Amino acid sequence: MTAPAGEQRLLRAALEGGLDGMVVVSSDGTMIAMNHQFQAMWPIPADVVASGSDEAALGSVLDKLVDPDAFLLRVRELYADPRGTSRDELLLRDGRVFDRHGTALSDDDGGYLGWAWYFRDVTAERAAAQAVLEASERFAALAKTLQESLLPPHLPDVPGIEVAARHLPAGHGGELVGDFYDVFQTGRTTWAVVIGDVCGKGVEAAKVTALARHTLRAAAIGHRGPRQALLLLNQALRQHQPDSERFVTAVYAGLEQRRGGLRVRISAAGHPPGLLRTPGGEVEVVQAPGMVLGLFDHPDLAERRYDMAPGCALVLVTDGVLEARRGTDQYGDDRLAALLAGLPDELSASGIAAAVERAALDFGGHEPSDDTAVLVVRVPVAV
């Protein structure tokens, strides 16, 4: 039954009014309808269009495709089992990309009538998506490079002391984060180890991280102790960002080599306290509590002294370790202390740092929700 002329004109207008190039192929392989957009996208020869042969039309476009064999194979598969729909992308030799959508056509009784194909030129969209991806990759690489510049490329060799660190950014490492650590010499037989965390992420956090590292190293030139060094950093932060709510937590430990061990003077500013492991597996919390830096003009900071005998290890972490999550449960101080207690006495500083990082990762399902840093100082046992 032929539709009235008015309906035919309406159907033709609808066919031409869409965004897609469209062609309808009957069950016997005849192209019974196509719009101008389809003909513009696929410049099929006029005699082929006039013949109505779908087979001839397919053959006429193969030289325009990057993978003509796959194109033709997919059409054959769909025509052989004409059910449902299909969607894929076609790459053309001239650089264009077509989104291809096909659907089988059937009557009210389910009888197969033919196939409708819809084509849309998505070249611009794919180019834009690729540009965004490449920009994202460049930013991630830049962020990684900048992040690495905020951490020591390698730790110095400290005579008579083992020092090791681990750092793992959250996610895929494409964002600037605020965890930092440092190890540097302050005198002929004295060294400093620092670990800290800047509130927030991004460029501003990176700027504060750089300020913290350089200020603490500058403090060592004036032979300031741990508490004085942190107070100097607080002063620098207040001058740099007087109206900011961004703050820094940190632990500064001064190391003095002594016969038979190591003397540690330590001060903490709002940071998780260090843990001191002694041979035999005893773990002591290194208490030197203090206020965060950058928010107050005169933060209350303490300084404590500890002596480390051979076999002792001082373990410092950022909150990313302690706040590793499994559901609503956090890794926490108690699990960290239990882990350290169970480690073998002969394990090196590097082994301890790796064990802490691995335990936090295992607990959190290997997807850290926050960046983590671990810094370990160990007095080796003479052999």
Inset, instruction - Read through the labelled values (i) 20.4; (ii) 30.2; (iii) 18.7 and report the label of the one computed as mean projected area of the Cα convex hull in nm² from the structure. - result: (ii)
Legend entry - the chain - percent of accessible surface contributed by carbon and sulfur, probe 1.4 Å: 54 percent
Inset, instruction - Output the relative contact order of region 204-291, whole-number percent, from Cα pairs under 8 angstrom with separation of 6+ residues. - result: 21 percent
Legend entry - Peptides 107-118, 35-46, 204-215, 308-319 ordered by average Cβ neighbours within 10 Å, highest first: 308-319, 204-215, 35-46, 107-118
Inset, instruction - State in Å² the accessible area per residue of the chain; use a 1.4 Å probe, count heavy atoms of protein chains only, and round to the nearest integer. - result: 51 Å²
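The values are calculated or read from the model by the stated rules, or taken from the named source; none is laboratory data. Here the structure is a predicted model, which is why all the values come from computation and not from measurement. Cβ sites come from the backbone with ideal geometry, for glycine too, and all protein chains shown count toward neighbours. Quick note on the areas: whole protein, heavy atoms, side chains included, nothing else; ligands and nucleic acids left out. Shrake-Rupley method; radii C 1.70, N 1.55, O 1.52, S 1.80 Å.
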